[in-house]
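Student: Below you will find the structure I want to go over with you.
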Amino acid sequence: MTTLEPGASFASMRVAIIGCLVAAPAFACDYPDLGNLPLRRAVTRIEMLPEVSAWARGRIEKGAKPQYAVRLDQPVREAGKCYWPVEVRAEGKLWRRYLVTPDGKDVRFTE
């Protein structure tokens, strides 16, 4: 922790503080005010993709449980849209990563 030096004031930090407050929301996707529905919708959109469904069936037959993680802390902006990364995993290993808009209308595969 640092302390202010003589001559430094809170007023001199005002620009930096305001910049942080204004810029922070620009990096995150807007979260719709619908409880956990957007999260469930994002996972369901991925689960219902034919290749994911077939992969998950194969993992379950081998005794592994597929896991889906929505990464709200790593939003991606492409073509003017904001996407949440959804990771598809089994046995702790990443299989694929998809991008889903918060409204669930657009899904993209990402490498």
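Student: On a 1.4 Å probe surface of the protein chains, which of Trp84, Trp55, Trp95 comes out largest in accessible area, and what is the full order?
Tutor: Accessible-area ranking of Trp84, Trp55, Trp95, largest first: Trp95, Trp55, Trp84.
Student: Taking the alpha-carbon distance from Lys62 and a cut-off under 23 Å, which lysines remain once sequence neighbours fewer than 8 residues away in the same chain are dropped?
Tutor: Answer for Lys62, where 23 Å is the Cα cut-off: Lys93, listed by chain and number.
Student: Identify all lysines with a Cα-Cα distance to Lys81 below 26 Å; exclude those on the same chain that are fewer than 8 residues away in sequence.
Tutor: Answer for Lys81, where 26 Å is the Cα cut-off: Lys105, listed by chain and number.
The values are calculated or read from the model by the stated rules, or taken from the named source; none is laboratory data. Fair warning: this is a prediction, and the values are worked out from it, not measured in the lab. Note: accessible area is taken over every heavy atom of the protein model, side chains too, but ligands, DNA and RNA are not part of it. Shrake-Rupley method; radii C 1.70, N 1.55, O 1.52, S 1.80 Å.
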